[in-house]
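Enquirer: First the structure, which I've put down as structure tokens, then a few questions once you've had a look.
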Amino acid sequence: MDTHSPFKSAYLRFLQLVAAVDEMSGLDDFDANEKALFDSLCLRWSQGQAMTVREAISQTSLGSAATLHKRLKRLIAKQLIVATHEGQDKRTKYLAPSEKEQAYIDWLSSKMQLVEAN
Amino acid sequence: MKQREAIEGAILIAITAIFYWLGYELQGLMFQFTEHIPGVNWFYLPAGLRVLFVLVAGIYGAVGIFAATIVIDLMHMQDLSGVLLLLTAAASGFGAWVALWLLRWRGVIAEGLQGLTATGLLQFSCVYAAFNALFHQVSWWVFKREGSLLTVDIWPMFVGDLLGALAFLYGWKLLLTASKSKGLPQI
């Protein structure tokens, strides 16, 4: 590619700038770290088991317990997951998928099918 | 090939000059109340255009802003003339360019902006705001612009440019986020 062309180099720099602006923090609804935690919960749900809060914050590969707890609270606040308890035992909380989460998974599935079809 | 480069460069200069002038007029319409003294604002939205144009178009963007500032100053700043007018336009156009040059030299920003990070972008905005305020105020102080006080006016100008650049970049990010969420379910 002829990068001496002012138009082309301006366009390439513009693309780099868009990526940097996109990366700016503070307004993201769903950052990469939250997504990693969310994905681990999705994987467990796909196996038919709900993860407990204790299990979720014990995933040391994703971060410390305190950090994961904060991320978990953010995911709950965004209504992507819900924390429930079974029966009278309120000590163990299970993380269940929300309707929003289901819609997100459905959307991802439809996009993957589209890519596969193409 | 050289001729084509020259034509493309001239077009980039013209585009940046026109949009910078429009940005300045918009600033006057919407944020006139933030004016500290003529030419110094506590919030200066076209600062974001300077960041955009200089990062994307490099020297062509700087020259475009310089040209537009000459026209703007002739239209709106009757007290600026001659060398002072040229220096003011140079500070406006080349403050960001010098900041870019400095950050390239420090290895923060690559020539083609490859691998530019959000941190690098915010660093550039800060350095640009500092240089812009410094160049303007020193020029006005040396040439004794009436009503200008270097040690006082440099701060609102720095704050205005920085806030304007950040507002522009975050506004842009909001648009990017909104355009993405059109295709995504709201999360």
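Just so you know, all these numbers are worked out from the coordinates, no wet-lab data involved. Remember, predicted model here, so these are calculated numbers, not experimental data. Note: ideal-geometry Cβ built from the backbone for every residue, glycine included; neighbour counts use all protein chains shown.
Enquirer: Pairs of Cα atoms under 8 Å, at least six residues apart: use those to get the relative contact order of the range B:11-87, whole percent.
Expert: 38 percent
Enquirer: Using the beta-carbon distance between residue A:46 and residue B:177 and R0 = 25 Å, what value does 1/(1 + (r/R0)^6) give for FRET efficiency, to the nearest 0.05? Please report the intermediate quantities before stating the final value.
Expert: Working: r = 28 Å, r/R0 = 1.13.
According to the calculation, E is roughly 0.30.
Enquirer: Considering the options A:16, A:33, A:85, tell which one lies farthest towards the positive end of the dipole of chain A, charges being +1 on Lys and Arg and -1 on Asp and Glu at the Cβ, about the Cα centre.
Expert: The one lying farthest along the dipole's positive direction is A:85.
Enquirer: At 222 nm, what helix-only mean residue ellipticity would chain B give, in deg cm²/dmol to the nearest 500, using -39500 (n - 2.57) for each DSSP H run of four or more?
Expert: -26500 deg cm²/dmol
Enquirer: Next question. Any chance you could give the angle, 0 to 90 degrees and rounded to 10, that helix A:99-117 forms with the longest Cα principal axis of chain A?
Expert: 50 degrees
Enquirer: So, one more: Compute the distance from the alpha-carbon center of the range A:45-118 to that of the range B:131-160, in whole Å.
Expert: Cα centroid of the range A:45-118 versus Cα centroid of the range B:131-160: 54 Å apart.
Enquirer: Dipole magnitude of the range A:10-94 about its Cα centre, charges +1 at Lys/Arg Cβ and -1 at Asp/Glu Cβ only, in debye to the nearest 20? All intermediate terms of the calculation are to be shown ahead of the outcome.
Expert: On the way: 12 positive and 10 negative charges, 68 e Å.
My answer is approximately 320 debye.
Enquirer: Based on DSSP H runs of at least 4 residues, each adding -39500 (n - 2.57), what is the mean residue ellipticity at 222 nm of chain A after dividing by all its residues, to the nearest 500 deg cm²/dmol?
Expert: One gets -19000 deg cm²/dmol as the mean residue ellipticity at 222 nm.
Enquirer: Continuing with this model, one more query. Let me confirm one metric for peptide B:168-176, namely the mean number of other chain beta-carbon atoms within 10 Å of its residues' beta-carbons.
Expert: Per residue, the average neighbour count from other chains is 4.
Enquirer: Moving on to the next point. Which one, A:113, A:96, B:61, is farthest towards the positive end of the dipole of the protein assembly as shown when Lys and Arg carry +1 and Asp and Glu -1 on their Cβ?
Expert: Result: A:96.
Enquirer: Here's a follow-up. Could you work out how much longer the chain between residue B:75 and residue B:18 gets when fully extended? Use 0.36 nm per residue separation minus the Cα distance between them, nm to one decimal. Display every interim value, and only then the final one.
Expert: Numbers: separation 57, 0.36 × 57 = 20.52 nm, distance 1.43 nm.
Length difference between fully extended and current span is 19.1 nm.
Enquirer: Same structure again: Positive end of the charge dipole of the range B:90-187 (Lys, Arg +1 and Asp, Glu -1 on Cβ, about the Cα centre): tell me which of B:141, B:155, B:117 has its Cα farthest that way.
Expert: B:117
Enquirer: Once a ≥ b ≥ c are taken as the square roots of the eigenvalues of the Cα gyration tensor of the range A:12-118, is the result rounded (a/c under 1.5), prolate (a/b larger than b/c) or oblate (a/b not larger than b/c)?
Expert: oblate
Enquirer: Give the order of A:57, B:37 when sorted by the count of other beta carbons within 10 angstrom, beginning with the fewest.
Expert: B:37, A:57
Enquirer: Another question, if that's okay. Between B:164, B:64, B:23, find the one with the highest GNM mean-square fluctuation for chain B; connect C-alpha pairs within less than 10 Å.
Expert: The residue with the greatest mean-square fluctuation here is B:23.
Enquirer: Could you give the size of the charge dipole of the protein assembly as shown about its Cα centre, using +1 on the Cβ of each K and R and -1 on the Cβ of each D and E, expressed in debye and rounded to the nearest 20?
Expert: Computed charge dipole of the protein assembly as shown: roughly 680 debye.
Enquirer: Tell me, what is the percent relative contact order of chain B, built from C-alpha pairs under 8 Å that lie six or more residues apart?
Expert: About 27 percent, as a whole number.
Enquirer: So which GluC sites (Glu not before Pro) in the range A:29-118 are both in a DSSP loop and have at most 16 other Cβ atoms within 10 Å of their Cβ?
Expert: A:86
Enquirer: Can you give the mean number of other chain Cβ atoms that lie within 10 Å of the Cβ atoms in peptide A:104-117?
Expert: The mean count of partner-chain Cβ atoms within 10 Å per residue comes to 1.
Enquirer: Select from chain B the helices, each a whole stretch of DSSP H, whose alpha-carbon atoms run 27 Å or more along the helix axis and whose Kyte-Doolittle mean is at least 0.0; answer none if there are none.
Expert: Numbers: long enough: B:2-31 (42 Å, 0.70); B:82-105 (33 Å, 1.54); B:118-142 (36 Å, 0.90); B:150-181 (46 Å, 1.02).
Correct list, ordered by number: B:2-31, B:82-105, B:118-142, B:150-181.
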